[in-house]
Amino acid sequence: MVPFLDLSAGYQELKTELDAAYRRVMDSSWFILGREVEAFEKEFARFCGVEHCIGVGNGLDALSLIVRALDIGPGDEVIVPSNTFIATWLAVTHAGATPVPVEPDPSTHNIDPARIAEAITPRTKAIMPVHLYGQSADMEPILALARERGLKVIEDAAQAQGARYHGRLAGSLGCAAAFSFYPGKNLGAFGDAGCVVTNDGALAKRVRELSNYGSSQKYHHDALGFNTRLDELQAAFLRVKLERCDEWNERRRAIAAHYMTRLKGADLILPNVLDGAVPVWHLFVVRVQQRELVAKFLAERGIATQIHYPIPPSRSGAYASMDFSAGSMPIAEALSREVLSLPMGPHMTIKAVDEVCDALLAALEGHG
Ligand SMILES: *Cc1c(COP(=O)(O)O)cnc(C)c1O
């Protein structure tokens, strides 16, 4: 049996330290905005090479708070990828602004910089690239265009803790970035968690205020804030896991490299790594014809796969009122029919990778 991602192996490897972190917080009886959150924020900011980190409740809130802190709202537009998890779009919609989708480069699945200019209108305030599957979007042309047109760049780095782009870390490239620490992410908590990182001190202050009831001083409320904070237990767990994040990403790279070697020349499309990008392989996504048959063939052999994502946001019920017809985002829609995420994680063995490859190659020959 090959699981898609073995979270329990992650706990077992770090059990002593995680259990000690748990006891430390329980013994302190301080659960909200204490020393663990403060320490994690410093450590994660250093990890990303930025000045400020603000812990929040989850990745969606991290994105939404950035949008709100930038005063983007009703009447404004934000450019988002057509091919992403729906949270990217929701963060814009929940702030009252309009997500304007731009199609991906089919070779990386990330937003295609060459298509962004034509989507800019006088209402556009920001571009929100996603570093999908742990590979940085092609940020240089995006940042250049944003500079030229006076737009903010907000990174959705939920899948990209530790990823690099021309030597710089994901999260340090735009005016602010959102991270998710959902358990399955490369740096995962044991529950929901997220953060915002930025080099902009005023923006950091605004986000922190909004995350904590619009207050920077207890019971003084200067903005219509929210309650979305990183809690002490999750921060304590994340501190333990942050120390291993680079090493665990390295293991993912070895797995990805083995997949690449074994699957080269097969009847599928392998991931393409952009020049200058060093991905962290949150997911290993291939494109196959007759995906459902292939996935079924693998499942019958005990190999778990997933689909990221089967329905683009433009075709989701949530966005029915925006009237994107079938075929309006043809690249995202084509990808959604062919993508297949293979098992990937820091505790996967090379033997398991071989099992997946053997079965997948057999499936492709059988169904080719
Ligand atoms: C996971 C994810 C989010 C949202 O994070 P949550 O912590 O689940 O709210 C946003 N964007 C992308 C690309 C994600 O993968």
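The values are calculated or read from the model by the stated rules, or taken from the named source; none is laboratory data. Here the structure is a predicted model, which means the values were calculated and not measured. All Cβ positions, glycine included, derive from the backbone under ideal geometry; neighbour counts span all protein chains shown. Note: accessible area is taken over every heavy atom of the protein model, side chains too, but ligands, DNA and RNA are not part of it. Shrake-Rupley method; radii C 1.70, N 1.55, O 1.52, S 1.80 Å.
Could you work out the relative contact order of segment 102-234? I mean the mean sequence separation of Cα pairs under 8 Å and 6+ apart, divided by the number of residues, in percent.
Numbers: 232 pairs, mean separation 19.0, N = 133.
In percent, rounded to a whole number, it is 14.
Multiply the residue separation of residue 326 and residue 257 by 0.36 nm, subtract the distance between their alpha-carbon atoms, and state the gained length in nm to one decimal.
Details: separation 69, 0.36 × 69 = 24.84 nm, distance 3.59 nm.
In short, 21.3 nm is gained.
May I ask which residue of 25, 356, 182 lies farthest towards the positive end of the charge dipole of the chain, with charges of +1 (Lys, Arg) and -1 (Asp, Glu) on Cβ and the Cα centre as origin?
Selected residue: 25.
In debye to the nearest 20, how big a dipole does segment 245-367 give about its Cα centre with +1 on each Lys and Arg Cβ and -1 on each Asp and Glu Cβ? Before the final figure, lay out each step's value.
Details: 12 positive and 14 negative charges, 14 e Å.
It comes to approximately 60 debye.
Relative contact order for the chain using alpha-carbon pairs under 8 Å, separation at least 6, rounded to a whole percent? Each step should come with its number before you reach the end.
Details: 776 pairs, mean separation 80.7, N = 368.
It comes to 22 percent, rounded to a whole number.
Using only the heavy atoms of the protein chains and a 1.4 Å probe, how would 185, 351 rank by accessible area, largest first? Provide the component values of the computation, followed by the final result.
Working: 185 35, 351 145 Å².
Final ranking, largest accessible area leading: 351, 185.
Just the number, please: percent antiparallel of the DSSP beta bridges in the chain, rounded to the nearest 5. Walk me through the numbers on the way to the answer.
On the way: 24 of 39 bridges.
Once the DSSP bridges in the chain are tallied, antiparallel ones form about 60 percent.
Would you list, by chain and number, the lysines whose Cα falls below 22 Å from the Cα of residue 185, excluding same-chain residues fewer than 8 positions away?
In chain and number order, the partners are 15, 42, 241.
Quick one: order 316, 8, 321 from most to least accessible surface, probe 1.4 Å. Write down the numbers at each step before the final one.
Numbers: 316 25, 8 75, 321 105 Å².
In descending accessible area the options line up as 321, 8, 316.
Between 171, 266, 75, whose Cα lies farthest towards the positive end of the dipole of the chain when Lys and Arg beta carbons carry +1 and Asp and Glu beta carbons carry -1, centred on the Cα centre?
After comparing all options, I get 171.
Determine the order of 203, 33 by accessible area, beginning with the largest, at a probe radius of 1.4 Å.
33, 203
What's the FRET efficiency of residue 301 with residue 11 using the Cβ-Cβ distance as r and R₀ = 22 Å, to the nearest 0.05? Each step should come with its number before you reach the end.
Working: r = 27 Å, r/R0 = 1.21.
The calculated FRET efficiency here is 0.25.
First measure r as the distance between the Cβ atoms of residue 32 and residue 147, then evaluate 1/(1 + (r/R0)^6) with R0 = 35 Å and state the FRET efficiency to the nearest 0.05. Walk me through the numbers on the way to the answer.
Numbers: r = 39 Å, r/R0 = 1.11.
Efficiency, from the Cβ-Cβ distance: 0.35.
Over all directions, average the projected area of the Cα convex hull of segment 245-367 and note it in nm². Write down the numbers at each step before the final one.
On the way: hull surface 36.7 nm².
Orientation-averaged projected area of the Cα hull: 9.2 nm².
Pick from 89, 281, 248: which is most flexible by mean-square fluctuation in a GNM of the chain where alpha carbon atoms under 10 Å apart are linked?
Answer for the Gaussian network model of the chain: 248.
Scan around residue 124 for amide H atoms under 5 Å from its own, H built in the peptide plane at 1.01 Å from N, and keep only partners 5 or more places away or cross-chain.
Amide H neighbours of residue 124, under 5 Å, 5+ apart: 77.
Which shape class applies to the chain: rounded if a/c is under 1.5, otherwise prolate when a/b exceeds b/c and oblate if not, where a ≥ b ≥ c are the square roots of the Cα gyration tensor eigenvalues?
Working: a/c = 1.93, a/b = 1.19, b/c = 1.62.
Oblate, because a/c is 1.5 or more while a/b does not exceed b/c.
Can you tell me the dipole magnitude for the chain around its Cα centre, using point charges on the Cβ only (Lys, Arg +1; Asp, Glu -1), in Debye to the nearest 20? List each step's numbers first, then the result.
Details: 36 positive and 44 negative charges, 63 e Å.
The dipole magnitude comes to about 300 debye.
Which residues' amide hydrogens lie under 5 Å from the amide hydrogen of residue 151, considering only partners 5 or more residues apart or on another chain, with H built in the peptide plane?
none
About the Cα centre of segment 1-50, what is the dipole size in debye to 20, counting +1 per Lys and Arg Cβ and -1 per Asp and Glu Cβ, all else neutral? Display every interim value, and only then the final one.
On the way: 6 positive and 9 negative charges, 21 e Å.
I would put it at about 100 debye.
Please list, in order along segment 315-322, the HN-Hα scalar couplings obtained from phi with the Karplus expression 6.51 cos²θ - 1.76 cosθ + 1.60 (θ = phi - 60°), rounded to whole Hz, x for Gly and Pro.
Listing the rounded values in order: 9, 7, x, 4, 10, 4, 5, 7 Hz.
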